[in-house]
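Structure first, commentary second.
The values are calculated or read from the model by the stated rules, or taken from the named source; none is laboratory data. What you see is a predicted model, and the numbers here were worked out from it, not measured in a lab. Please note: Cβ atoms are built from the backbone with ideal geometry, for glycine as well, and neighbour counts cover all protein chains shown.
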Amino acid sequence: MRNEHLGGTLDMTELLLHSPDSEGTLRDHYRRAFREATELMIVSAYLTEWDSSLRLNSRCSHFRFVIGKDFGITRKAACEAVMKWLPRGRKSQFLVATQIAGFHPKSVFWRDKSGKAYAIVGSSNLTMAAFERNYEANVILPLTAARFSEARRWVDELVPLSVPVSKEWLTKYREAPTRGGRPRRRPTEPGEPPSDGDYVKLALPSTRGIEERINQRRRALREYRRNQPGLIRLFRDCAAGRLSSVKFYEALPELRMQARGWERQGKKSDFRELSKAFVRIIDADPEERDDIVLQELDSLETAKNPARGAFLSEMLCSYFPKLYPLLNKPVQAWLKKAGFSPPRGASEGDRYILLARTLRQSLQQHPKYPAKNLAELDTIIWESERQRP
């Protein structure tokens, strides 16, 4: 057995046994995972404490942190500490498994810059107690590329069944009482169905007299799909440098420019930069798409590209009507009234993905609502704001 795991490599499985009076290496392995990972996924049944001294590798390209909420054992203070600790661009990647009854994994999966992949699996939640006070049994093991991909797909399957940890979710979450400084289980069954408090829903706007407007939007989306191949060629030509930014702007067909004045402001945009972003998004693997949207929006925000809001979100909403919302003045006004509040310090990409996931959940929890996707919801928001006195 080659055992140089703390210094560099691990070629075989190692058993990690910890007791309150032992000098275990569990904490060191966790720290190494955060420090070296270019891809990092954490799943923890409960979160009762958080070590804010952990440092996430700035080159980490894929990050997921999914926690459970069964029995109310997860502590609000620990969640708030993680939200504060998360770097910009990561706020939307801290999730709680609200729609999973009996969520109980305790694992960390990571891959480093050399391509080596590892997992820690066992009894430990990611808490100080696991590192200091508890009796814990874990294993650390190397993973083949295929096994790591399998773990990544498994974690990705949790995302649609989870919501981002937010102030809204924490307000509704029922924390278990404590005894002797430790959480006590609420008297619930681990297989209990999710309650209304497990979802972060926005109060969707009234739909009175909206049927014809929704039908108009559906017709517009069908027309868009007919024109889509030519529009995508336009983006690809501009991204590849076969078409200048100015020529791209001049060649744009009539689109639903819903932010008044965009046409004047948008003319100054770097459309080659924006086209590269859009092409990368539509070419992304579905499991990666939210991450790519987040990264591209943050990059365009840094470049101060004025087309990254109403125009790019219109393209995303038209191409992926079930996934991404439109960002225009009516939507922004409605969000403010609805009380949507991303975490403090969230990047522009974070805010957009948090909004997209919240709206997806909201529609999912209102199956009889007339809007069946985010493009149709935009129509209702637009009309409700237009009619507002």
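This table checks each residue for (1) surrounded by fewer than 16 Cβ atoms within 10 Å (Cβ to Cβ); (2) within 28 Å of GLU296 (Cβ to Cβ); (3) touching a helix residue (DSSP H, G or I) at 6+ places or on another chain (Cβ under 8 Å).
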position	(1), (2), (3)
TRP50	no, no, yes
LEU54	yes, yes, yes
PHE63	no, yes, yes
GLY68	no, no, no
LYS84	yes, yes, no
ARG90	no, yes, yes
LYS113	yes, yes, yes
VAL121	no, no, no
GLU132	yes, no, no
All positions within the range 154-189 that are of a type in the set (Ser, Thr, Tyr) and either modelled with pLDDT under 85 or part of a strand (DSSP E or B) (or both): THR178, THR188
Any hit, the range 115-122, residues being over 16 Å from GLU39 (Cβ atoms) and not acidic (Asp, Glu): yes
Condition check for LEU359: buried (at least 20 other Cβ atoms within 10 Å of the Cβ) and without any contact (Cβ under 8 Å) to a residue 40 or more places away in the chain: no
Test set (1) surrounded by fewer than 16 Cβ atoms within 10 Å (Cβ to Cβ); (2) in a loop (DSSP other than H, G, I, E, B) - LEU327 fails condition number: (1)
Residue list for the range 222-231, restricted to those being within 30 Å of PRO164 (Cβ to Cβ) and surrounded by fewer than 16 Cβ atoms within 10 Å (Cβ to Cβ): none
Among the candidates LYS372, LYS322, residue that is more than 17 Å from the chain's Cα centre (by Cα), in a loop (DSSP other than H, G, I, E, B) and of a type in the set (D, E, K, R): LYS372
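Conditions (1) within 30 Å of ARG153 (Cα to Cα); (2) β-branched (Val, Ile, Thr); (3) modelled with pLDDT of 95 or more, marked per residue:
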{"position": "PRO253", "(1), (2), (3)": "no, no, no"}
{"position": "MET257", "(1), (2), (3)": "no, no, no"}
{"position": "GLY261", "(1), (2), (3)": "no, no, no"}
{"position": "LYS268", "(1), (2), (3)": "no, no, no"}
{"position": "VAL279", "(1), (2), (3)": "yes, yes, yes"}
{"position": "ILE282", "(1), (2), (3)": "yes, yes, yes"}
{"position": "GLU296", "(1), (2), (3)": "yes, no, yes"}
{"position": "LYS304", "(1), (2), (3)": "no, no, no"}
{"position": "GLY309", "(1), (2), (3)": "no, no, no"}
Single residue of ILE42, ILE100 found to be at pLDDT below 90 and either under 20 Å from the mean Cα position of the chain (by Cα) or assigned by TED's automatic domain parsing to the domain that holds GLU296 (or both): ILE100
Single residue of the range 1-39 satisfying the filter (of a type in the set (Asp, Glu) and more than 30 Å from TYR173 (Cα to Cα)) that is modelled with the highest pLDDT: GLU36
Tabulated pairs, the range 142-154, first farther than 19 Å from PHE63 by Cβ, second charged (D, E, K, R), C-beta under 7 angstrom, 6+ apart or interchain: PRO142/ASP11; PRO142/LYS116
Residue within the range 137-145 that is in contact with a helix residue (DSSP H, G or I) (Cβ under 7 Å, 6 or more places away or on another chain) and surrounded by 19 or more Cβ atoms within 10 Å (Cβ to Cβ) present: yes
